[in-house]
Amino acid sequence: MKILGISAYYHDASAAVLQDGEIIAAAQQERFSRIKNDPAFPREAIEFCLGYAGLSLGEMDAVAFYDKPFLKFERLLETYCAFAPRGLSSFIRSMPVWMKEKLFLKRMLHEELGKIERLDKRPLLLFPEHHLSHAASAFYPSPFPEAAILTLDGVGEWATVSIAHGEGKKIRVLKQLDFPHSLGLLYSAVTYYCGFEVNGGEYKLMGLAPYCDRESGDYRRIAEVMRTRLVDIKEDGSIFLRQEYFDYAVGDRMVKDGVWEKLFGFPRREPDGPLAPVYCDMALAVQEVTEEIVLRLAREAKRLTGSERLCMAGGVALNCVANGRLQEEGIFGEMFIQPAAGDAGGSLGAAYAAHHVYFGAEKRNLEDALKGSYLGPEFSGSDILMAARKYRLPFRKMESEDALVRATAGLIAEGCVVGWFQGRMEFGPRALGARSILADARNPGMQKKLNLSIKMREGFRPFAPAVLAEEAANFFELEGTSPYMLLVKKIRAERRIPLPAYYSGMGWMEKLYFQRSELPAVTHVDYSARIQTVDERAEPRFRRLLESFYSLTGCPVVINTSFNVRDEPIVNTPEDAFRCFLQTEMDYLVIGDLIFSKKAYLVRE
């Protein structure tokens, strides 16, 4: 059974190929087009997946698209009618696109697929519902024979939250919350008001929240307004958003700026404008609301299913602070969170839904089937040398893998920033040691250097630690593992540095570079860190690099951040890596067996 899954036309388009239930390849279109969160038909991603699998379109038993366009159109029409005459201008602008294109999605897909390969026979097209695609993307590759499934996002066709039960080949939806009441859209509305990009800046809001002073009058007032005026949280985790304060249902913006300014007492922050403390307060207020809702939904999922296992997907499942809280509560004994939890994972979920739900194949895997999320392209030594000739950078070819990892570990220990490019590219938003920028987590000045000189992004943003899995509990308050960098946990108390008495009175910007632990470059202002545990399933050279760094320094932790700069996707090809390396202040670039520098140098083995 060969199935192609496609996600497209909203944001973060992608493709995936399953063969007999095994994931052969999966990739996001943005990595090929170099357009961040590219929503376009993922032609290049499809071509890669088919090529890697050694298959043609004509060999596919089905092509599965990640949602049902007619249900989405129904929701748009009913919403415009319910809010009329509000939204008339938006309705007039959006309907021609639907009437000319999106209502004829089947025809569009056939046309686009025909540009990839001339087909004598049109492939079977399947359209699982959006939340089924999300649920399938988490449950079917999970190691669980049965599990509760919690899907949380902005909106699919109608559903914004769904609780399902997966067992064997079946997924049964037990309960759902419908548009316009949406936790994902509430979080995005606050993201918008704090000056960040919707469907791209939510993780920035999550990183900003810990800078809030919980004792301030502003925070208490903002939190009270949010809970009493914007959102009503029910016991089962369902919510009611008061639509008089929002504009996303039929308008062009997330919120009514003037209304929110009167409500909260301060204006919307302009993108890249000054970050006043009230925006930190607002970030924490919505983060705490989010955590409360997620915990209530999890308890409801446990009540409905009786399961001891939980799978999660949807964009809100990328909120790793809420995930960490959920694990700490112990509602479920085991959790599996889809690393490509947003719409990118929809292509994989659509393919899985076709395989198990439509074709009725049994679920057989009892281990994580995602292969560490290393599902994208990889490049040979000749590919790397071909790209290297164009840039004429000095390099040294290392004679063995042991020499390569020892030399790289030495560079990191000396305070260098290293671009690391090995094996197959990751699927999803996290760099997990295949397309990473690496540095020493012990270096007090490294967070500032990485943010401002390498990543070229906001200075308040934290960095994630990658740690040898067997050593993680010695540094972090973590039970179990976190291979996909989707859990935030605290640094252990004995690793922290006591704060002076005057610390609480410091402004949030003054706290930014204050050394708080033995690992200052990965310790956020609340002593938290978004952890990646690295075991034998990780990219092999990355695991060996951490082992070598541990042997050299006595520290099993390095900074691991994605190999890209602000507003660009993670690098895909060696060519992408060279360009990124040259436009930043990275010190070295390690691709395959080669170590590149911007200047003549010697690498000690």
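Candidates Val571, Val525, Val557: the one that is touching a residue at least 24 places away in the same chain (Cβ under 8 Å), buried (at least 17 other Cβ atoms within 10 Å of the Cβ), within 17 Å of Ala439 (Cα to Cα) and of a type outside the set (Gly, Ala, Ser) is Val557. Taken as a whole, the structure leaves Thr160 outside the set of residues that are outside any helix (DSSP H, G or I), under 30 Å from Asp247 (Cβ atoms) and within 17 Å of the chain's Cα centre (by Cα).
Of the residues making up the range 409-418, just one is buried (at least 22 other Cβ atoms within 10 Å of the Cβ) and part of a loop (DSSP other than H, G, I, E, B), namely Val417. Filtered by the rule that a residue be closer than 30 Å to Leu177 by Cβ, at pLDDT 85 or above and surrounded by fewer than 15 Cβ atoms within 10 Å (Cβ to Cβ), the range 92-132 gives a lone residue, Lys106.
Within the option set Ala439, Ala434, being under 28 Å from Phe139 (Cα atoms) and in contact with a helix residue (DSSP H, G or I) (Cβ under 8 Å, 6 or more places away or on another chain) holds for one residue only, Ala434.
Within the range 164-213, restricting attention to residues that are surrounded by fewer than 17 Cβ atoms within 10 Å (Cβ to Cβ) and hydrophobic (A, V, I, L, M, F, W, C), the residue that is nearest to Ala340 (Cα to Cα) is Val173. Ala388 passes every criterion in (1) more than 30 Å from Phe581 (Cβ to Cβ); (2) assigned to a helix (DSSP H, G or I); (3) aliphatic (A, V, I, L, M) apart from (1). For the range 488-522, filtering for residues that are without any contact (Cβ under 8 Å) to a residue 24 or more places away in the chain and of a type in the set (Asp, Glu) leaves 2. Filtering the range 166-185 to residues that are under 27 Å from Asn199 (Cα atoms) and not in a loop (DSSP other than H, G, I, E, B) leaves Val173, Lys175, Gln176, Leu177, Asp178, Leu183, Gly184, Leu185. Considered as a group, the residues in the range 315-329 that are without any contact (Cβ under 8 Å) to a residue 40 or more places away in the chain and over 19 Å from His165 (Cα atoms) include one that is nearest to the chain's Cα centre (by Cα), and that residue is Ala322. Scanning the range 56-81 for residues that are of a type outside the set (Asp, Glu), under 21 Å from Gln243 (Cβ atoms) and either over 28 Å from the mean Cα position of the chain (by Cα) or at pLDDT below 65 (or both) yields Phe73, Leu77, Thr79, Tyr80, Cys81. For the range 184-212, enumerate the residues that are over 19 Å from Ile293 (Cβ atoms) and among the acidic types (Asp, Glu). Listed by number, the list holds a single entry, Glu197.
Among the residues that make up the range 82-91, is at least one of them crowded, with 19+ Cβ neighbours inside 10 Å, under 30 Å from Asp247 (Cβ atoms) and at pLDDT below 70? There is at least one residue in the range 82-91 that is crowded, with 19+ Cβ neighbours inside 10 Å, under 30 Å from Asp247 (Cβ atoms) and at pLDDT below 70. You will find that of Lys256, Lys234, Lys204, the residue that is over 29 Å from Arg299 (Cα atoms) and of a type outside the set (A, V, I, L, M, F, W, C) is Lys256 and no other. Contact annotation: residue pairs with Cβ atoms under 9 Å, 6 or more positions apart or on different chains, pairing a residue in the range 48-73 that is assigned to a loop (DSSP other than H, G, I, E, B) and of a type in the set (Lys, Arg) with a partner that is crowded, with 16+ Cβ neighbours inside 10 Å and at pLDDT 95 or above, are Lys68/Phe127; Lys68/Pro128; Lys68/Glu129; Lys68/His130. The residues on offer are Glu414, Glu426, and the sole one that is within 30 Å of Pro444 (Cβ to Cβ), among the charged types (D, E, K, R) and without any contact (Cβ under 8 Å) to a residue 12 or more places away in the chain is Glu414. Here Asp576 meets the list (1) within 21 Å of Ala409 (Cβ to Cβ); (2) touching a residue at least 60 places away in the same chain (Cβ under 8 Å) almost entirely, failing just condition (1). Residues in the range 478-522 that are under 30 Å from Pro141 (Cβ atoms) and surrounded by fewer than 19 Cβ atoms within 10 Å (Cβ to Cβ): Glu479, Gly480, Thr481.
The values are calculated or read from the model by the stated rules, or taken from the named source; none is laboratory data. What you see is a predicted model; the values in this text were computed from it and never measured. Glycine gets a Cβ as well: all are built from the backbone with ideal geometry, and neighbour counts include every protein chain shown.
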